[in-house]
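Following: one structure in structure tokens, then a few remarks.
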Amino acid sequence: GLAGRAKNWTYALYEINELRNAFARVGRTIPIYRTTDMTTFIGTLTAEPLIAVEQAIHARDSHQFAVAYAHLTDTCNACHRSQDHAAIVIQVPRSDPYPDQDFRPQSAR
């Protein structure tokens, strides 16, 4: 979210791939949660929102990114609620909590 807001499309693309990998690790770590196949469940829920974020990154479109990222965030929260983990709430970053990281593109530094 911070990379997209800063229009650091290279870093945003890196992070969207990291997020895909994180979702895949959940499926490998917890293949079945209760009776739910987590790999299929997470993959089905996140496929479209992740593609939309990636398309916004490739388009270098800040508005499209903000909309797609908000939708992905809502999707994550819907998943948490559906699995009785409503206490885990993801939000679009309101500020930069990482004082040791610069999210701006290299050309802006």
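The values are calculated or read from the model by the stated rules, or taken from the named source; none is laboratory data. Because the structure is predicted, anything quoted here is derived from the model rather than measured. Counting neighbours? That spans all protein chains shown, and the Cβs are built from the backbone with ideal geometry, glycine included. Each accessible area value is taken on the protein alone, full model and side chains, heavy atoms only, with ligands, DNA and RNA left out. Shrake-Rupley method; radii C 1.70, N 1.55, O 1.52, S 1.80 Å.
Being in a helix (DSSP H, G or I), more than 23 Å from P93 (Cα to Cα) and open to solvent by less than 70 Å² (accessible area, probe 1.4 Å) is the requirement here; does F41 meet it?
It is true that F41 is in a helix (DSSP H, G or I), more than 23 Å from P93 (Cα to Cα) and open to solvent by less than 70 Å² (accessible area, probe 1.4 Å).
From the list S107, S95, which residue is small (G, A, S), assigned to a helix (DSSP H, G or I) and at pLDDT below 95?
S107
Mind checking which pairs have a first residue in the stretch 36-54 that is closer than 20 Å to A3 by Cα and a second that is surrounded by fewer than 13 Cβ atoms within 10 Å (Cβ to Cβ) and not hydrophobic (A, V, I, L, M, F, W, C), Cβ under 6 Å, 6 or more apart or different chains?
Listed pairs, sorted by first residue: none to list.
Would you check which residues across the stretch 59-104 are small (G, A, S) and open to solvent by 80 Å² or more (accessible area, probe 1.4 Å) and list them?
A87
Quick one: in the stretch 1-19, which of the residues that are among the small types (G, A, S) and surrounded by 18 or more Cβ atoms within 10 Å (Cβ to Cβ) is nearest to H71 (Cα to Cα)?
Here the residue is G1.
Conditions: (1) closer than 14 Å to A3 by Cα; (2) part of a helix (DSSP H, G or I). H71 meets all but one. Number of the miss?
(1) is the only condition that H71 fails.
Can you find a residue that is assigned to a helix (DSSP H, G or I), among the basic types (K, R), open to solvent by 70 Å² or more (accessible area, probe 1.4 Å) and closer than 19 Å to F103 by Cα anywhere in the stretch 20-37?
Within the stretch 20-37 (the criterion being assigned to a helix (DSSP H, G or I), among the basic types (K, R), open to solvent by 70 Å² or more (accessible area, probe 1.4 Å) and closer than 19 Å to F103 by Cα), the answer is no, since none of the residues qualifies.
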